[in-house]
Amino acid sequence: MTNQVNNIFDPLGLFAQAYFWRIDEYTSTGTVKGSVWNFSVPSAFVAAPAIVNTPAIDISDSSATIGGQITDGGTGSKVWMYWWPDAGTTNEVYMGVQAGAFQLQLSGLESNVLHNYRCFAENSYGSNWTTVSGFTTTNSGSEPPSIWTELTYDDFESGFGNYTDGGANCFLYTGGTYAHQENNAVNIERFGEAGSFYLTNPIDLHTLDYTQIKIEFWFYAVSMDPTEDFFVEYHDGSTWQRVATYARPDFNNGQFYFKEILIEETGYTFPANMNVRFICDASGGGDDVYIDEVRISGLAPQVELSPYNEWLVEFNLSETNILADSDFDGMNNLVEYGLGGNPTNIDAPIVLPTSGIDADTGMNWLEYVYRRRTDAAVRGLEYRVEAGTNLVEGVWLTNDVQEVASGLIDAGFESVTNRLDIGLDSESFIRLRIQQN
């Protein structure tokens with residue numbers, strides 16, 4: 001160890017053995033040696049620090065906040081952060097001893113430039129680098145930067161979540177020991193599709209124009225032999241393609257590992273039905289891999305969406321056609337959007353207009369009530385109640401329909417009441433037409 005400026009020294013990790021130490025004082029007349037002390041460590045959690053980048057936040061034209069997260073069993077690790085503008089000089093910052101999350105604020109950055117960063121952590125048991133992450137500073141008045149959007153995340157505490165098991169050699173593990181956090185993980189063993197799991201519902205990468213996909217996960221291996229491995233596959237809409245292989249001796253049994261896979265649109269097709277699966281390639285039932293905390297993110301330009309497209313994103317709809325009926329409840333997307341329906345649930349009886357006969361002042365009125373967005377004009381929506389005397393001629397008019405009342409349902413919708421004088425007509429028909437301009 002080196003000279004100390006105080007009376008505290010942290011070795012950042014000890015092994016299970018005996019240790020001896022003393023304190024020497026250096027003076028102008030010589031060295032005064034202290035007494036020898038000793039202690040023993042009966043057991044130790046020996047693990048090099050696992051470190052990952054955290055997403056950049058507070059991004060502006062000239063500043064951003066970057067950081068990382070350490071998992072080292074509480075040992076503590078020395079951390080360095082490195083960042084650089086694309087094709088520029090690398091900057092190094094020593095962050096001191098860290099345990100858990102840490103952040104670094106950057107300033108004086110050039111606008112509209114891609115900046116990269118990564119972290120390095122070291123303790124007595126070893127060291128690790130993170131993969132490279134990036135962010136683009138904004139440029140006021142120009143298009144917004146690209147951002148990562150989380151598409152799926154599963155920690156498997158409530159089951160398989162977004163995934164389906166591939167067969168008899170894939171299990172939901174609930175024992176805790178091999179789960180990176182809490183109790184559950186997905187256990188795959190042997191080989192082939194039976195020892196795999198994949199996304200139940202494919203992800204649409206095409207509609208929102210993603211340019212890059214990131215797959216992050218933790219894994220823990222048990223009894224995997226030197227010739228055994230597991231891999232991650234990407235489905236491009238037509239075929240499965242292997243995008244990562246993890247084989248002994250690149251990892252050791254009995255230790256947690258974090259992995260990140262980047263898939264670029266320049267090298268792969270980004271379809272409307274992308275899928276991901278994890279598959280084991282081992283020889284026996286006792287050779288196991290446990291997968292936990294799987295996150296899939298997409299990188300796309302952050303563009304200003306129209307109100308209708310924001311609504312599509314809110315309900316995670318891949319079918320953008322306004323005439324599509326995604327939940328088969330008789331209301332197309334435009335009707336659902338205009339009346340405040342949920343396009344993923346059958347809710348027509350709740351949101352469709354209601355009607356009835358109302359006798360008032362000696363006249364017969366057909367009363368018709370519907371839901372209307374309070375900001376319909378901003379959204380470019382037009383609501384028109386039309387009436388007709390038969391369905392054969394197809395003549396629909398608004399002349400005789402009167403809007404007589406309206407009242408707030410909530411901040412986004414109001415209830416609108418209309419009347420039609422049906423007089424002595426043998427038949428009268430009324431309908432609501434919603435149009436998007």
Filter segment 259-276 down to the residues that are surrounded by fewer than 19 Cβ atoms within 10 Å (Cβ to Cβ) and either closer than 26 Å to Ala168 by Cα or within 17 Å of the chain's Cα centre (by Cα) (or both) and list them by number.
Lys259, Glu260, Ile261, Leu262, Asn273, Asn275
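Being surrounded by 15 or more Cβ atoms within 10 Å (Cβ to Cβ), aliphatic (A, V, I, L, M) and over 30 Å from Thr149 (Cβ atoms) is true for just one of Ala348, Ala300. Which residue is that? Let's see the steps before the verdict.
Working: Ala300 fails: over 30 Å from Thr149 (Cβ atoms).
Just one listed residue meets the conditions, Ala348.
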Tell me which residues, restricted to segment 164-220, are over 16 Å from Met274 (Cβ atoms), among the aliphatic types (A, V, I, L, M) and touching a strand residue (DSSP E or B) at 6+ places or on another chain (Cβ under 6 Å).
Ala168, Ala179, Ala185, Val186, Ile188
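Condition check: in contact (Cβ under 8 Å) with a residue 40 or more places away in the chain, surrounded by fewer than 16 Cβ atoms within 10 Å (Cβ to Cβ) and small (Gly, Ala, Ser). Does Ser223 satisfy that?
On the way: in contact (Cβ under 8 Å) with a residue 40 or more places away in the chain: yes; surrounded by fewer than 16 Cβ atoms within 10 Å (Cβ to Cβ): yes; small (Gly, Ala, Ser): yes.
For Ser223, the condition - in contact (Cβ under 8 Å) with a residue 40 or more places away in the chain, surrounded by fewer than 16 Cβ atoms within 10 Å (Cβ to Cβ) and small (Gly, Ala, Ser) - is met.
Glu110: farther than 27 Å from Tyr257 by Cβ and within 29 Å of the chain's Cα centre (by Cα), yes or no?
Working: farther than 27 Å from Tyr257 by Cβ: yes; within 29 Å of the chain's Cα centre (by Cα): yes.
Answer is yes for this residue.
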Take segment 43-61 and flag every residue that is at pLDDT 85 or above and not aliphatic (A, V, I, L, M).
Pro49, Asn53, Thr54, Pro55
Tell me, which residue of segment 344-399 that is part of a strand (DSSP E or B) and of a type in the set (Phe, Trp, Tyr) is nearest to Ile322 (Cα to Cα)?
Tyr383
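Does Thr75 qualify as being within 25 Å of Asn253 (Cα to Cα) and among the hydroxyl-bearing types (Ser, Thr, Tyr)?
Details: within 25 Å of Asn253 (Cα to Cα): yes; among the hydroxyl-bearing types (Ser, Thr, Tyr): yes.
Judged against the criteria, Thr75 is a match.
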For segment 68-75, does any single residue satisfy the condition of being of a type in the set (Gly, Ala, Ser), touching a residue at least 40 places away in the same chain (Cβ under 8 Å) and either surrounded by fewer than 14 Cβ atoms within 10 Å (Cβ to Cβ) or part of a strand (DSSP E or B) (or both)?
yes
For segment 303-330, give me each residue that is surrounded by 15 or more Cβ atoms within 10 Å (Cβ to Cβ), modelled with pLDDT under 80 and under 26 Å from Glu216 (Cβ atoms).
Leu317, Ser318
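The values are calculated or read from the model by the stated rules, or taken from the named source; none is laboratory data. What you see is a predicted model; the values in this text were computed from it and never measured. Note that each Cβ is placed from the backbone with ideal geometry, even for glycine, and that neighbours are counted across all protein chains shown.
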